[in-house]
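> Attaching a single structure in structure tokens format; questions to follow.
Just so it is clear, none of the values below were taken in a lab; they were calculated from the coordinates. On a predicted model such as this, the values are computed, not experimentally measured, just so you know. No Cβ is skipped: glycine too gets one built from the backbone with ideal geometry, and neighbour counts run over all protein chains shown.
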Amino acid sequence: MTTHAADAESAGKKYKVRQKVGQAALYVTVAAVSLLTVFPVYWMAVSTFQPNKYTLHFPPPLFPQEITVTQFAELFGHHPIALWLRNSFLIAVMAMLLCTALSVLGAYALSSLRWKGRSTFGLFLLVTQMLPEILVLIPLYVIYRRLNMLNSLPALSLIDAAFILPICIWILKGVFDTVPPEVLDAAVVDGCTELSVVWRIVLPLSAPGLVAVAVVSFFFAWNEYLYASILLGKAEFMPASVGLSTLKAIASTPVEQYMAAGMIFSILPVLFYLTMQRYIVSGLTAGAVKG
Amino acid sequence: MTDLAAGRGFDPSTGSGHRKLNPSEQTNTPARARKRIHWLPYALVLPIILYEGLLIVYPIAQGIYGSFTRIELASKNPPVWVGWDNYARMFRDPEFWKVIQTTLTFTGLVIFVALGAGLCTALLFNRPFRARPVARGMLMMPWALPEVPVVMIFIWILSPQFGVVNILARMLPGVAENPQWLQVPGLAMGWMVLIASWKAFPFYSLVILAALQAVPQELYEAAKVDGASPFQLFWNITVPGIGTTLELLVVLASIFSFKQFTIIYLMTGGGPSGATETIVIRIYNTAFRFYDYSYATALGVAGFVVSLVIGIFFVILQARRAQENA
């Protein structure tokens, strides 16, 4: 009887020890993974805020030794960062408006309506979503050149919106799908027309989805590099993604300014992508994964 | 207006000719009740079809046409029809085959590394532990970061003079000097794969995690009672449970890595000596560095065919997956 209890106790202890070791291993692994994903970002911050006498030294200290903020003023003084950010902002706003408006139409047609050609339309969106941007770029460049649309911010936002639109439609379709059909039916009974159902019921109920679509399209255009680098040749139209890529670390731009530029550019997209990840995942997988 | 629409949209096969519905009918067929304006969906998607048609389909058609011509943008001459010349040149071009090889290597490695990392981290994050939301936020960091800053950070981290990665490299036996990370073909390719995977894997991790959480817990409980080992649990419950998701992600990952442009182009431009020149980079260089538009469009058509094939796979898997979800 006593030996039995002791056995049970030691077995319980063993189990507890094993569980503790397992827990410790779990935390260590999680810490290692987090280090791997966050270190480059951390290093950007360290290289931004530290005077370069520390960073331009090998091996560099892994923790910041001193903090300065003058590099931001120097960055804006030496490079047309403000102009670049302004251009990026304008392109992004135009792409956002266009894309959000069009995705409401497409998402409603895909979500709430049954019609012939619905799955063909979905297929059409999927295929356009899968195409590498470069395939469209060369002929588009020739067309834009002929139509005198190079070096125009609205013209660039047109193509940006075209590339992100399918993903936005999938995001919004997923959100529209969650509006209970009974609510819509009740509205029709109460005398709403088909279009005012969208306007008065579906859209207000899908406000978070609309925000997600706006954010996704805004930052797609904000981040986009390839089209901007070819379709906007003149320095005055350069958006930040292209402008930043012209900075050369150490060679012509001091490292702390170089990294400060990267930080300024990324702060907003990082915050919004992290908040909206659920929606973006559902959009990128065309609704196959709800995130 | 409604009558006209109803008349045009009348479909005898479904028998939904009654446009004016009374409340009792609506309660019987609530989903049908609202389908009153038959042309509405077409009116809704028309602007989208036109928009995507003008900006994406039309340029691609132009590109396909252009690949059979000789285009000289500098001169005012119209394109000259040359038939299959550009394609004949492509198939004879040894560099084209090298580019295909590089593309396959890059794409294959990124699929493997990014999905592997995504699967491992998803399994890790599927376990309960304190601070999991914070750790998950940190995990998503690379994915949330735009590509251009990613490039900037890694150019700095890989700097042969001051790059912080050299601290680790120096710990390896036989490394006495900081390597020229992006000047050595094998190393450059390795870094392109690692950086592209680093940027992409959190997305895969998130998707796999969602799939893991949908696997019914009772299955694990029941199998544990029956004395199944952790490996058996993984192989017989987890793998089948997330199988379709993994299939979908393999296809999605091959599309994403096949499309990868910004990271490679801004870090190596395809070099050193073509070691990282995937077909996407090659098309860009041919068009905008060598101004050989016609040949670039032919390469573009080759790329189009490849992405179309992968795209079809995606469509099939996605449809299957959507059916399962429904």
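> Note down the net charge around A:Ser241, summing +1 for each Lys or Arg and -1 for each Asp or Glu among other residues with Cβ under 10 Å from its Cβ. Numbers along the way, then the final one.
Details: positive: none; negative: A:Glu224, B:Glu147.
Surrounding charge for A:Ser241 is -2.
> Highest first, please rank the peptides A:27-36, A:97-106, B:285-294, B:117-126 by the mean number of other Cβ atoms sitting within 10 Å of their residues.
Working: A:27-36: 15.0, A:97-106: 21.9, B:285-294: 18.0, B:117-126: 19.9.
The densest-packed peptide leads the list: A:97-106, B:117-126, B:285-294, A:27-36.
> So if we plug the beta-carbon distance of B:Leu73 and A:Ala32 into 1/(1 + (r/R0)^6) with R0 = 51 Å, what FRET efficiency do we get, rounded to 0.05?
The value I calculate is 0.50.
> Determine the shielding of peptide A:257-270 by partner chains: average, over its residues, the number of Cβ atoms on other chains within 10 angstrom of each Cβ.
4
> Quick check: pseudo-label points 7 Å beyond the Cα along Cα→Cβ at B:Ile64 and B:Gln180, how many nm apart are they?
According to this spin-label approximation, the distance is 4.5 nm.
> Right, here's the next one. For a quick check, take a GNM of chain B with Cα springs below 10 Å and name the residue from B:Ile64, B:Ile153, B:Ile48 with the largest mean-square fluctuation.
The residue with the greatest mean-square fluctuation here is B:Ile48.
> So for the pair A:Ile143, A:Leu123, with labels modelled 7 Å out along Cα→Cβ, what separation do we get in nm?
2.3
> What does the average come to when, for each residue of peptide A:139-149, you count the partner chain Cβ atoms lying within 10 Å of its Cβ?
The mean count of partner-chain Cβ atoms within 10 Å per residue comes to 4.
> If we count every other residue with Cβ under 15 angstrom of B:Gly118's Cβ, Lys/Arg +1 and Asp/Glu -1, where does the sum land?
That works out to +1.
> Just to verify a number: FRET efficiency for A:Lys116 and B:Val305, C-beta to C-beta distance, R0 = 25 Å, to 0.05?
Working: r = 29 Å, r/R0 = 1.17.
For R0 = 25 Å, the calculated efficiency reads 0.30.
> Something else: What is the spin-label model distance, in nm, from B:Asp93 to A:Leu271 if the labels are put 7 Å beyond Cα along the C-beta direction?
4.6
> So which residue, out of B:Glu147, B:Glu72, B:Glu177, gets the largest mean-square fluctuation from a GNM of chain B using Cα contacts under 10 Å as springs?
B:Glu177
> Check every DSSP H run in chain B and write down those whose alpha carbon atoms cover 27 angstrom or more along the long axis and whose mean Kyte-Doolittle hydropathy is -0.5 or greater.
Membrane-span-like by this criterion, though nothing is claimed about a membrane: B:94-125, B:185-214, B:239-259, B:293-325.
> Counting only the backbone N, which residues of segment A:243-270 are under 19 Å from the spot 7 Å out from the Cα of A:Glu66 toward its beta-carbon?
Taking a point 7 Å out along Cα→Cβ of A:Glu66, the residues of segment A:243-270 whose backbone N falls under 19 Å are A:254-260.
> Which FRET efficiency value, to the nearest 0.05, is calculated for A:Lys13 and B:Arg130 with the Förster distance at 22 angstrom and r the Cβ-Cβ distance?
0.40
> Just tell me, in residue order, which DSSP H segments of chain A are both 15 angstrom or longer along the helix axis (alpha-carbon based) and at least -1.0 in mean Kyte-Doolittle hydropathy.
Those that clear 15 Å and a mean of -1.0 are A:2-49, A:81-111, A:118-130, A:133-146, A:153-176, A:207-223, A:255-284.
> Here's a follow-up. How much net charge surrounds B:Pro146 when only other residues with a Cβ under 14 Å from its Cβ are counted (Lys, Arg +1; Asp, Glu -1)? List each step's numbers first, then the result.
Working: positive: B:Lys199; negative: A:Asp160, A:Glu224, B:Glu147.
Net local charge, B:Pro146 excluded: -2.
> Here is a follow-up. Could you give the distance between the Cα centres of segment B:260-326 and segment A:75-151, to the whole Å?
Each part's Cα centre sits 18 Å from the other's.
> What residue among B:Phe162, B:Phe256, B:Phe314 has the largest mean-square fluctuation in a Gaussian network model of chain B, using Cα springs under 10 Å?
Judging by the Gaussian network model, the answer is B:Phe162.
> Let me check against my output: what whole-number percent is the relative contact order of segment A:1-160, with C-alpha pairs under 8 Å and at least 6 apart? Don't skip to the end; give the middle numbers.
Details: 43 pairs, mean separation 28.4, N = 160.
Relative contact order, segment A:1-160: 18 percent.
> Here is a follow-up. Past 28 Å, Cα to Cα: identify those pairs from A:Lys16/B:Lys199; B:Lys98/B:Lys259; A:Lys116/B:Lys199, in the order given.
From the list (A:Lys16/B:Lys199; B:Lys98/B:Lys259; A:Lys116/B:Lys199), the Cα-Cα distance tops 28 Å for A:Lys16/B:Lys199; A:Lys116/B:Lys199.
> Which of B:Thr244, A:Thr55 has the fewest other C-beta atoms within 10 Å, and how do the rest follow up to the most?
On the way: B:Thr244 18, A:Thr55 25.
Final ranking by Cβ density, sparse to dense: B:Thr244, A:Thr55.
> Relative contact order of chain B, please, whole-number percent, based on alpha carbon pairs below 8 angstrom and at least 6 residues apart. If you can, show how the numbers build up before the last one.
On the way: 308 pairs, mean separation 74.5, N = 326.
Relative contact order for chain B comes out at 23 percent.
> For peptide B:281-293, how many partner chain Cβ atoms fall within 10 Å of a residue's Cβ, on average?
2
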